[in-house]
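Remarks on the structure that follows.
What follows draws every value from the coordinates through simple rules; no lab data is involved. Everything numeric here is computed off the predicted structure, so don't read it as measured data. All Cβ positions, even for glycine, are placed from backbone atoms using ideal geometry, and neighbour counts span all protein chains on display.
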Amino acid sequence: MVAGLTVNVAWIVLAAITVAWAIYGLFNIRGSRREYGSEIELAANRKPYYDDEVLEGKKLERTQLLGLAFLAVITISLPLYWVLEPSRQSNAEFGWSKRFASWGGKLFDVTANGGFNCAGCHGGMKANGGNAPFAVTDPKTGEVKAVSWKAPALNTVYQRFSESEVRFILEYGRPFSPMSPWGTIGGGPMNEQQIQTLLDYMKSIQLPLEDGEMPKAKADEIQAEAERLVKAGAYKSVGEALFNLDIDGGAYSCARCHTKGWSYGDAQITGGGAFGPNLTGGSTVRQFPSQDEMISFITNGSEYGKKYGEQGQGGGRMPGFGATYTDEQIKAIVEYVRGL
């Protein structure tokens with residue numbers, strides 16, 4: 001706001017200077033239109049100049065006053081510029097971010113609107129979860145069938161992944177899923193600048209956190225759905241319901257990565273492993289002898305190259321659910337998984 005005021009003042013000053021110069025030019029042009037030959041009489045080198053009394057009196061005083069006036073302008077304007085500059089810079093960055101987000105939105109849009117159809121799979125421009133057509137092959141029979149793959153909501157993706165992790169997914173895609181590589185470095189059509197504007201657009205549509213956690217309305221929706229599924233007899237515990245939760249394209253579901261076939265409605269062994277590792281047979285207890293350590297891992301996610309558990313090394317693929325689920329919900333999930 002302050003930076004906007006500064007820009008407006010600058011334009012007003014520029015306009016005033018321009019008008020002043022225009023008036024000065026008009027008076028000069030008017031003064032020059034005199035009788036032909038008069039320039040000999042009016043030529044500066046032919047006119048007597050001010051005498052010493054005027055030069056060292058009124059003329060000198062006017063010049064000094066003019067110098068003081070400019071000094072006053074500099075004395076006031078430089079500190080004012082210094083005070084307003086941080087705000088101007090932050091607003092300039094905000095302006096660029098908005099422009100980048102706008103360009104990214106055009107890339108995110110459906111194909112009919114000239115975009116790359118991210119919106120077509122992920123639930124429109126708000127990216128609150130959708131479906132993507134895909135073909136899967138049965139490894140035993142070789143049969144190929146068309147399925148509708150649950151595409152996760154992206155309006156909370158930065159709550160689970162860092163920007164570098166989202167960039168990696170965009171550039172290299174997700175193996176064995178409809179998410180193909182989109183960056184030129186991974187064999188896709190988008191250059192580095194386009195990927196950046198796409199990241200900025202996704203930032204602009206994120207659900208705002210409340211004190212670093214999921215907005216209460218969304219958190220209540222997740223909890224209510226999990227409890228409903230338990231009451232309906234679909235699952236035995238809230239932890240199991242949260243593990244398999246099908247909201248917003250499975251954006252908050254553990255089963256989406258850890259249960260083969262879950263993403264297209266043909267779930268096989270729960271937690272048996274797919275994009276993520278097998279969680280059955282006590283593997284999680286062996287990896288995390290301490291339940292608290294496992295809770296911390298699920299809360300924060302894996303960090304690329306960093307050790308976790310007994311013999312795990314982070315690949316950046318495991319998101320952190322600390323901003324998605326409450327501490328009680330994560331504990332319920334951990335208790336369920338450790339019992340698989």
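Would you mind checking Lys126/Lys216; Lys218/Lys306; Lys150/Lys306; Lys236/Lys331 for any pair whose Cα atoms are more than 25 angstrom apart? Violating the 25 Å limit, Cα to Cα: Lys218/Lys306; Lys150/Lys306. Counting neighbouring beta carbons within 10 Å and listing from fewest to most, the residues Thr111, Thr141 come out as Thr141, Thr111. Computed per residue of the chain from DSSP H runs no shorter than four, each worth -39500 (n - 2.57), the mean residue ellipticity at 222 nm is -16000 deg cm²/dmol. With contacts taken as Cα pairs under 8 Å and at least 6 residues apart, the range 118-204 reaches a relative contact order of 19 percent. This ranking places Phe176, Phe243 by how few other beta-carbon atoms lie within 10 Å of each, fewest first, which gives Phe176, Phe243.
Exposure proxy for Val334, Val54, Val238: other Cβ atoms within 10 Å of each Cβ, ordered fewest to most, give Val54, Val238, Val334.
Placing pseudo-labels 7 Å out from each Cα toward the beta carbon at Ala20 and Ser77 gives an inter-label distance of 0.9 nm. Only one residue of Gln291, Gly276, Ala251 has its Cα farthest out toward the positive end of the dipole of the range 216-338, where Lys and Arg carry +1 and Asp and Glu -1 on Cβ, and that residue is Gly276. For the chain, compute Rh as the Kirkwood radius over C-alpha pairs and then the Stokes-Einstein diffusion coefficient at 37 °C and 0.692 mPa s; write the answer in µm²/s, rounded to an integer. Once the numbers are plugged in, D ends up at 128 µm²/s. A simple charge model with +1 on the Cβ of Lys and Arg, -1 on the Cβ of Asp and Glu and nothing else charged puts the dipole of the chain at about 680 debye relative to its Cα centre.
In terms of its alpha-carbon gyration tensor, the range 124-264 comes out oblate; a/c meets the 1.5 threshold, while b/c is at least as large as a/b. Taking the charge dipole of the range 118-204 about its Cα centre, with +1 at Lys and Arg Cβ atoms and -1 at Asp and Glu Cβ atoms, the residue from Leu198, Phe134, Gly183 reaching farthest to the positive side is Phe134. If only the Cβ of Lys and Arg carry +1 and only the Cβ of Asp and Glu carry -1, the dipole of the range 118-204 around its Cα centre is close to 280 debye. Each Cα pair under 8 Å and six or more residues apart adds its sequence gap; the mean of these over the residue count of the chain is a relative contact order of 12 percent.
For the range 216-338, the average shadow cast by the Cα convex hull is 7.2 nm², which is a quarter of the hull's surface.
Placing a label point 7 Å from the Cα of Gln193 along the Cα-to-Cβ direction, the residues of the range 91-118 whose backbone N falls under 13 Å from that point are 100, 103-104.
Label point of Phe27 set 7 angstrom out along Cα-Cβ; within the range 56-92, amide nitrogens under 16 Å from it belong to 62-63, 66.
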